[in-house]
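The values are calculated or read from the model by the stated rules, or taken from the named source; none is laboratory data. Worth saying up front: this structure is predicted, and the values here are computed from it rather than measured. When we count neighbours, we look across all protein chains shown, and the Cβ atoms used for this are built from the backbone with ideal geometry, even at glycine. When the accessible area is computed, the model is the full protein with side chains, heavy atoms only, and any ligands, DNA or RNA have been set aside. Shrake-Rupley method; radii C 1.70, N 1.55, O 1.52, S 1.80 Å.
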Amino acid sequence: MPFPPPSRPPLGVPAGPRRRTLLASAAGAALLVGCTSESDTTATSSGSPSVAERTRARAASDSTGLVRQYDTAIAAFPALAERLSELRAEAVRHAEAFGGAEPTPAPTSASASPSASAPPTEQDALAGLAAAERTLVDRRTKALLEVPGELARLLASVAAAGAAHVYLLTEGAK
C-alpha cells in the first residue's frame, strides 16, 4: 500500500504550485487563447463598420494610392520602370489582398506624360516612394494591435514587405 503524500511540504520548500506547473499552465492558457475563434464581424451593434473592416478598407486604399505613386514615378522617369515595376506589382497584390479593386495598369512610357505632381529628379522620385512606403509600414504596424488575428497577420506581412521596399528604394540603390 503506497503512502499518502504529506499534507505539508517538507521544510525549506514553499507551499503552493511549483514553478514548472505555473509555467506550463501559463503556456497552455496562451495556446488556448491563440486558438480560440475570433469574432470578426463586419459591423458593430450600431451598424457601423467594425475596426477590422475599416482597417482593411484603409489598407486597400493606401496600397492603391501607392500604386498610383509608382505609376507617377515610372511615367516621369521611364528609366526607373525596370527597377520599380516589381515593387509596383507587389503594391497591386497588397491592394488586392486587402480586398481592394485591381488598380489600373501602369501606363506605358510612350503614352505616359509626366504629371504636374511628378518629382523633379529620379532621386526625389525614389525618396518620395520610400517615404510613402515607410508611412504605410508605420500605419500598418500600429493597426496590428486593434485587429483580429488573420488581418493582423496580413498587415504584419505587408508591413514587412513594405520595409523591404524601403530598403530597396534607399539602401539598395547605393
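Quick notes on this one:
- Considering only residues in segment 142-174 that are free of Cβ contacts under 8 Å to residues at least 40 places away in the same chain and open to solvent by 70 Å² or more (accessible area, probe 1.4 Å), the one that is farthest from I74 (Cα to Cα) turns out to be L145.
- Failed item, numbered, when G128 is tested on (1) under 14 Å from the mean Cα position of the chain (by Cα); (2) open to solvent by 20 Å² or more (accessible area, probe 1.4 Å): (1)
- Hits in segment 161-171 (condition: farther than 15 Å from V92 by Cα, in contact with a helix residue (DSSP H, G or I) (Cβ under 8 Å, 6 or more places away or on another chain) and assigned to a helix (DSSP H, G or I)): A163, V166, L168, L169
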